[in-house]
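This report refers to the structure that appears directly beneath it.
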Amino acid sequence: MIGSYNGMDTPRQVVKRRRDPRLANLLGALSIGISDGIYESTAVAAGLDGVASAALVALLDFVPSGSVRTLSQVVGLTHSGAVRVVDRLVAEGLVTRGSSVDARSRSITLTTRGVRLAHQVRAARERVVNRVLEHLTASERATLSPLCERLVASITEERLEQRNAGVTPAGGALCRICDFGACGRPIGICPAAETVAKFRARQP
């Protein structure tokens, strides 16, 4: 666990590492700045609000041909909220509903136009983050990558614990607008996917 006592630091040093108001404030400001940029750029790229844009990208990799129920969990909406988003995407010609006896389990699939727009939204997200990373050297990026992996794993673990306790994490799935190819999920190096697999293996 990040910040845990490793036998080398004194307890006081561990407490200091856990309580760093300035670092917490800087990281909080950075998170908000990146989040605001992503929300704005993805909404502009799609011509839709942030939630609908996230739904498009989620249907690209995370839940292709998923149901409204699954999509609602991924993007952090109530079922009725997800139905309204899907209705809008259908009206825009971006998704289609599959046939099913049970409307709640009817599959939602991106149209060709929806796939193209989802890729544009994801590319807009990448550009926002890359503009921030441009201020770092290659060496600094190499240092930052494993730190981000640890933090993503830590946040994923926390969200899994919340779900086990019957609490839906705010915003839905952490990876809802991720690029699965970029994170390495297909080859087994995604920190979130690895954490989920380990967590499930520990469950009775």
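Where a number appears in this text, it was derived from the coordinates with a stated rule and is not lab data. Since the model is a prediction, treat every value here as computed from it, not as a measurement. Cβ atoms come from the backbone with ideal geometry, glycine included; neighbour counts cover every protein chain shown.
Here the gap between residue 32 and residue 65, fully extended at 0.36 nm per residue and compared with their Cα-Cα distance, gives a gain of 8.7 nm. Other residues lying with their Cβ under 12 Å from the Cβ of residue 164 contribute a combined charge of +1, Lys and Arg counting +1, Asp and Glu -1. Enumerate the calculated ³J(HN,Hα) couplings along the stretch 76-90 in order (Karplus 6.51 cos²θ - 1.76 cosθ + 1.60, θ = phi - 60°), each rounded to whole Hz, writing x wherever the residue is Gly or Pro. Once θ is set to phi - 60°, the couplings for the stretch 76-90 become x, 10, 5, 4, 5, x, 5, 4, 5, 5, 5, 4, 5, 5, 5 Hz.
Gyration tensor analysis over the Cα atoms of the chain returns equivalent ellipsoid semi-axes of 34, 21, 15 Å (largest first, whole Å).
When shorter helices are ignored and each DSSP H run of at least 4 residues is given -39500 (n - 2.57), the per-residue value for the chain at 222 nm works out to -20500 deg cm²/dmol. Remark on residue 111: its backbone amide H falls under 5 Å from those of 95, 96, a criterion applied only to residues 5 or more positions apart or on other chains, H modelled at 1.01 Å from N. Each Lys or Arg adds one and each Asp or Glu takes one away; over the other residues whose Cβ falls under 12 Å from the Cβ of residue 110, this sums to +1.
Based on Cα contacts under 8 Å between residues 6+ apart, the stretch 39-135 shows a relative contact order of 34 percent.
Using the Cβ-Cβ distance between residue 111 and residue 23 with R0 = 45 Å, the FRET efficiency computed as 1/(1 + (r/R0)^6) comes to roughly 0.50.
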